[in-house]
Amino acid sequence: MNLRSNLFCCSFDFYMIEQLAKKDTYWRRIAYNICKNKMLADDLVQDMYLALSNVTKEINDFYVIIVIRNIYLLKKKTIVN
């Protein structure tokens, strides 16, 4: 085992993140349609990758969209309060 593999939690699923990244442009478009702000959309997608990095079950596009929307709502709620 090399040093790099010791830096990450064993539950981190590189394959799933790689599959999500194949649709990166699509996720950014969805996020932009949710928030209407390019910088915030980029942040939402990055947070989505982090949120889904530890998920062990199979996920579909609808699940990812809901995660992006929920992250947006949490950010919006935090900004208001």
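The values are calculated or read from the model by the stated rules, or taken from the named source; none is laboratory data. Only a predicted model underlies this, so the values are computations on that prediction, with no experimental measurement involved. Please note: Cβ atoms are built from the backbone with ideal geometry, for glycine as well, and neighbour counts cover all protein chains shown.
Which condition number does D13 fail, the rest of (1) surrounded by 14 or more Cβ atoms within 10 Å (Cβ to Cβ); (2) over 20 Å from K76 (Cβ atoms); (3) modelled with pLDDT of 95 or more; (4) acidic (D, E) being met?
D13 satisfies every listed condition except (3).
If I filter region 39-61 for residues that are loosely packed, with under 13 Cβ neighbours inside 10 Å, modelled with pLDDT under 95, in contact with a Ser or Thr (Cβ under 8 Å, 6 or more places away or on another chain) and not hydrophobic (A, V, I, L, M, F, W, C), do I get at least one hit?
yes
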